[in-house]
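This report refers to the structure that appears directly beneath it.
Only the coordinates and a few stated rules stand behind these numbers; no lab work does. Because the structure is predicted, anything quoted here is derived from the model rather than measured. Cβ coordinates were reconstructed from backbone atoms using ideal geometry, including for glycine residues, and neighbour counts include every protein chain displayed.
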Amino acid sequence: MSESDIVPFELQRMFLGDTDPLFLLEIVFRTVFIFLWLVFLLRVTGKRGLAQLSPLELAIVIGLGSAAGDPMFYPEVPLIHAMLVLALVVVLQRVLSVLVIHSERVETFVEGEPVELVRDGVIHPAALDRASLSREDLFEQLRVQGVRQLGEVQRVYFEQDGNLSVFCHDRDAPPGLGIVPPWDLEPPPPLPVGRPLSGQVACVSCGAVQKADRPLLPCACGGEGFTLATTDPLAPGESAGQDALPDHAAGHGPSGGPPGASER
Ligand SMILES: [Zn+2]
């Protein structure tokens, strides 16, 4: 159909076009197919940055937007076709919403599952990958919640809606990996060279804490960098490489360790 063939306000063309009525059935198939494909793709691309909308809600926004736009100014798109698509998208959204409420399997497919990111101050690196979050993203979210070091954190879950829920010790948190100040501003201090360690050290990759006896065991996560574990990285003296557990420090003198020993 060329531009010159178009007669303005020709009702037959505007509403039905010149396609076979059976094509309406094909539209039903196409819409259902594309809508489900869209939900699936939005689901696997991850929820980060989309915390306001679930994959299902985003799919309906995209589906309605594109189906509503074309018939507005393409003369060859019949209105009936667009109306059918719009109605179908709404119906599909309602049907899937009901299924999500009633079926655990559909819910998991559409919305994913919560992922445990941190347990007792130790990060699960594989879980971070699954949530497509970087360690820096996680630290940033924890700082927003007022967390200073990972030892304060009992659990972090990446929820289905893309938010992190954080559960901390009420009091007496064990020492852990300091995340304040942000490492971009000030990286965690390396272990002191040439003097004995006391207290505990934390893996800078996962936050796992071990007793500060040289030689340090390699961390279970495969990380090789360590820093002193701290109960409060902002406490005076903590960030300067002081001991996190002063009780243990009492027995050690500055002259005990082999010079030059370093874990980094
Ligand atoms: Zn580690």
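Table for the structure above
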| item | result |
| --- | --- |
| Label-point separation, D213 to F40 (7 Å along Cα→Cβ), nm | 5.5 nm |
| Mean separation of Cα contacts under 8 Å, 6 or more apart, over the residue count of the stretch 3-111: relative contact order % | 37 percent |
| With Cα atoms, 0 to 90° folded angle of helix 55-73 axis to the chain main axis | 40 degrees |
| Efficiency of FRET from Cβ geometry, E104 and L11, R₀ 41 Å, rounded to 0.05 | 0.25 |
| Approximate spin-label separation D161-E26, in nm, with each point projected 7 Å along Cα-to-Cβ | 4.2 nm |
| HN-Hα J in Hz across the stretch 167-183 - Karplus 6.51, -1.76, 1.60, θ = phi - 60°, x for Gly and Pro | 10, 10, 4, 5, 7, 6, 5, x, x, x, 6, x, 10, 10, x, x, 5 |
| Given charges at beta-carbon only (K, R positive; D, E negative), |dipole| of the stretch 3-111 in Debye | 620 debye |
| Between 0 and 90°, nearest 10: helix 23-44 axis offset from the chain longest Cα axis | 10 degrees |
| Placed amide H near L117: partners under 5 Å, 5+ positions off or other chain | V156, Y157, F158 |
| Unpartnered cysteines - no second Cys beta carbon under 4.7 Å - across the chain | C168 |
| Helix 135-144 axis, angle to the chain major axis (alpha carbon atoms, nearest 10°) | 80 degrees |
| Residue-averaged [θ]222 nm for the chain, counting only DSSP H segments that reach four residues, each worth -39500 (n - 2.57) | -11000 deg cm²/dmol |
| Amide hydrogen neighbours beyond the local backbone of Q200, cut-off 5 Å, H modeled | A212, A229, A244, L245 |
| Long-range amide H partners of C168 with built H, under 5 Å | Q154 |
| Relative contact order (%) - the stretch 121-166, alpha-carbon pairs under 8 angstrom, separation at least six | 36 percent |
| Sequence of H169, H124, H81 once ranked by neighbouring C-beta atoms within 10 Å, starting from the fewest | H169, H124, H81 |
| Per-pair calculated FRET efficiency, R0 = 35 Å: Q145 and F33 via Cβ, rounded to 0.05 | 0.25 |
